[in-house]
1. Can you tell me which residue in region 1-20 is surrounded by the most Cβ atoms within 10 Å (Cβ to Cβ), limited to those that are closer than 17 Å to residue 53 by Cβ and in contact (Cβ under 8 Å) with a residue 24 or more places away in the chain?
2. Specify which of the listed residues (45, 24, 5) is within 12 Å of the ligand (Cβ to nearest atom), in a strand (DSSP E or B) and out of contact with any helix residue (DSSP H, G or I) (no Cβ under 8 Å at 6 or more places or on another chain).
Ligand SMILES: [Zn+2]
């Protein structure tokens, strides 16, 4: 479930709530050409949750 979405100068940050209740932040850079700009997900995962990355 998506909670909020923020556009920044470098990409998009999406906060979402997993089905297990964990809060997760996902960052998607606008440009994928730079090796420093990789999509990332922060927040860890819950053991046993099929929806956690
Ligand atoms: Zn989960």
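1. 18
2. 24
Residue-by-condition table, conditions (1) modelled with pLDDT of 90 or more; (2) touching a strand residue (DSSP E or B) at 6+ places or on another chain (Cβ under 8 Å):
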residue: 13; (1), (2): yes, yes
residue: 19; (1), (2): yes, no
residue: 38; (1), (2): no, yes
residue: 41; (1), (2): no, yes
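The values are calculated or read from the model by the stated rules, or taken from the named source; none is laboratory data. From a predicted model like this one, the values you see are computed outputs, not experimental measurements. Every residue, glycine as well, gets a Cβ built from its backbone with ideal geometry; the counts of neighbours run over all protein chains shown.
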